[in-house]
Amino acid sequence: MTLYIGREASKLWKRICAETTTEINLLLENWKYVLAGLIFQYIHGLAAHGVHYLHRPGPTLQDIGYFLLPELGQDKAYISETVFSFVFLSFVLWTFHPFIFKSKKIYTVLVWCRVLAYLVASQFLRIISFYSTQLPGPNYHCREGSKIAKLPKPSNVLEVLLINFPQGAVYGCGDLIFSSHMIFTLVFVLTYQKYGTRRPRRLGIVNLLAEKSS
């Protein structure tokens, strides 16, 4: 039993070393794209922080979505963040699974290059949207009477550039013309759907029949 465990541990270590070498080489080739994507995450956060200064609370707009799917309530706001955190962390862990498991279908660096590219494109459109149309935030902390619905004018540039995390990301206002959480969730789910699931066998049968008929 001890010999078996030692043998498997040795195989796992060799796999981790081999994958690390491969991924480092890919990172050296693509580091500019990864760095640009990460920098834009800060720019996106900075833009969302900036529009909070422009936000003015007002009456909650009517939305049929709230009638069909009522809000959870202020005391259950943690449910949304918990679900999003689970999706986010599970996707990050999945992108590193080739270091551990044999069934290798992806390269971690290349997946993150594509994910960041889609995030940048979506977030760029989101920034244009919420600066073009500023709506009163429906969240409880963005409504009339909340102390953080409006941010006081910054006293210096550094105050704008430093984003208070995670409060600045969770309690932002004025940037909800479409959701950042939804962008991340859709990109992550669609990426896993494309690269993390096996193709149905019936597709192969359909292709085979199409080739024969032609």
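Where a number appears in this text, it was derived from the coordinates with a stated rule and is not lab data. Values in this document were obtained by computation on a predicted structure and should not be read as measured data. Here the Cβ positions follow ideal geometry from the backbone for every residue, glycine too, while neighbour counts run over all protein chains shown.
Among the listed values (1) 17.7, 55; (2) 22.7, 73; (3) 20.5, 61, the one computed from these coordinates for Rg and Dmax of the Cα atoms in Å is (2). Based on DSSP H segments of at least four residues, each scored -39500 (n - 2.57), the chain has a per-residue ellipticity at 222 nm of -22000 deg cm²/dmol.
Computed from Cα positions, the angle between helix 180-195 and the longest principal axis of the chain comes to roughly 10 degrees.
With 27 Å as the limit on Cα-Cα distance, the pairs of K76/K105; K11/K105; K76/K150; K14/K105; K32/K105; K32/K104 that go past it are K76/K105. For the range 97-200, chymotrypsin sites (Phe, Trp or Tyr not before Pro) are listed when DSSP marks them as loop and at most 13 other Cβ atoms sit within 10 Å of their Cβ; the list is F101, F178. Nearest 10 degrees is fine. How inclined is helix 201-213 to the longest principal axis of the chain, computing both from alpha carbons? For helix 201-213, the angle is close to 70 degrees. Using a Förster distance of 35 angstrom, determine the FRET efficiency expected from the C-beta separation of L158 and R114, and round it to 0.05. It comes out at approximately 0.55.
Against the chain, whose longest principal axis is taken from its Cα atoms, helix 108-132 shows a tilt of about 20°.
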